[in-house]
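Student: I have a structure I would like to understand better, so I am pasting it below and will then ask my questions one at a time.
Please treat every number below as a calculation from the coordinates, not as lab data. Worth saying up front: this structure is predicted, and the values here are computed from it rather than measured. Cβ placement follows ideal geometry from the backbone for every residue including glycine, while neighbour counts extend to all protein chains displayed.
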Amino acid sequence: MMHLAAVQPMLIDPTLNHLVEFIDDCELTRLMKKVLSYVADEAPHTSDPRRYLRYIYNHVTLEEAELRAVAVTTLAKIACRVPPLRKSIRVLLRRCSNDSDDEVRDRALFYSALLARRDKHLLTEMIENVTEEVKKERAQVALSSLSHLSTSAASGGGGGGDG
């Protein structure tokens, strides 16, 4: 679905609508994180990015801490890319600043403070660029793990031993 929307930009709205509805009932953390990241990247390019805030915020209030943290970052990325939504998103982030989880609370406070500064360069550096660097690092770790697994399998060290 995401690949189709990348090829046909007119499919971004229906794709996002379907995905946000889908993750409301999804229990796969990894998939939910991927969809939230996709929403952060693509919602700003839609006709009405505001409509996705409710879906994202639902994950801040209803999910486990790891997903709440991703949802907070998703809100911040949208705020960075869609200036007219910053005020509304800051309100949502302030609500998250009382979260029971340190990571969620710290992200919410950090992003809220950044958005209050209204410094476009700072927002780009601290939200856009940092999240891109994290993505690159995760991809590098994944490649390294795959390389290690293939090397291990090729040398007969698959780790499945009989004992």
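Student: Could you tell me which of rounded, prolate or oblate describes the range 2-140, using a ≥ b ≥ c as the square roots of the eigenvalues of the alpha-carbon gyration tensor, with rounded for a/c under 1.5 and, failing that, prolate when a/b is larger than b/c and oblate otherwise?
Tutor: Rounded is the answer for the range 2-140, as its axis ratio a/c remains below 1.5.
Student: By counting other Cβ atoms within 10 Å of each Cβ, how are Val39, Val104 ranked from fewest to most?
Tutor: Ranked by crowding around the Cβ, least crowded first: Val104, Val39.
Student: Further question on the same structure: Name the GluC sites (Glu not before Pro) in the range 54-102 that are in a loop by DSSP and that have at most 13 other C-beta atoms within 10 Å, would you?
Tutor: Glu64
Student: List residues of the range 1-27, by number, whose backbone nitrogen lies under 18 Å from a label position 7 Å along Cα→C-beta of Asp48.
Tutor: Flagged as within label range: 10-22.
Student: A further question on this structure: For a paramagnetic label modelled at 7 Å from the Cα of Glu103 toward its Cβ, which residues of the range 26-41 fall within the zone defined by backbone nitrogen distances under 19 Å?
Tutor: 27-40
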